Amino acid sequence: MLIIAISASAQGYKASIGINTGSFNGFSYKGFLTDHLVLQVDLGVNIEGTYGQEDWYADAGVIGGTHGFQSFYTCEANPNLMYQAEISSFDAGTLSWFAGGGLSAGIMNNLNPKYSRPIFKWGLNGIGGIELHFSKVPVALSFDLRPGYGMSTHRIKPTNTTAVGSFFDWKAAIGVRYVF
């Protein structure tokens, strides 16, 4: 308990809950495991697009062709393990940086209703950003970038065969959290 108390006082808070908005919109929980080791778990919706990606739902069943820009949305969980350290402390609060990595898993769907069919999605991502924790108000603001690599399983029409696709999976978000 003494270690937990020391860890919490070093950062000014031990956990926070709030929302993210940007290319990833959803709910977020962040908790300190030690002075600098942080677990952040996000649950939300991501809108993304890729250019030249395989058209997995091609009516003709052509595999491997590119058909321009594809837009997708995902409903996913995104847990990240990060290292967080203070940049500067001042009267209004503390500015910190964080970096780490994590996983993503969820359901992915093409935004084109003609090809709309949910598929399973998973991936690996990095995360890096900054956080401002206010000293007189129980609020923390953050900005992060999450470049990553994602994969998905899907069925190709009309052959109804299962295939695996891959894509660059990136996210950028601004977070607002209540700290406790």
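The values are calculated or read from the model by the stated rules, or taken from the named source; none is laboratory data. Worth saying up front: this structure is predicted, and the values here are computed from it rather than measured. Neighbour counts are summed over all protein chains in view; Cβ atoms, including those assigned to glycine, are modelled from backbone coordinates with ideal geometry.
Quick notes on this one:
- Only one entry in Ala163, Ala140 is at pLDDT 95 or above and small (Gly, Ala, Ser), namely Ala140.
- Candidate set from the stretch 24-46 (those that are β-branched (Val, Ile, Thr) and over 10 Å from the mean Cα position of the chain (by Cα)); member that is nearest to Trp170 (Cα to Cα): Val38
- Pairs where the first residue, in the stretch 118-140, is touching a residue at least 40 places away in the same chain (Cβ under 8 Å) and the second is polar (S, T, N, Q) and not in a strand (DSSP E or B), C-beta under 8 Å, 6+ apart: His133/Gln11
- For the condition at pLDDT below 95, in a strand (DSSP E or B), of a type in the set (S, T, N, Q) and surrounded by fewer than 16 Cβ atoms within 10 Å (Cβ to Cβ), Ser9 does not qualify.
- Residue in the stretch 120-142 that is nearest to Lys171 (Cα to Cα), counting only those that are surrounded by 15 or more Cβ atoms within 10 Å (Cβ to Cβ), among the hydrophobic types (A, V, I, L, M, F, W, C) and under 12 Å from the mean Cα position of the chain (by Cα): Ile127
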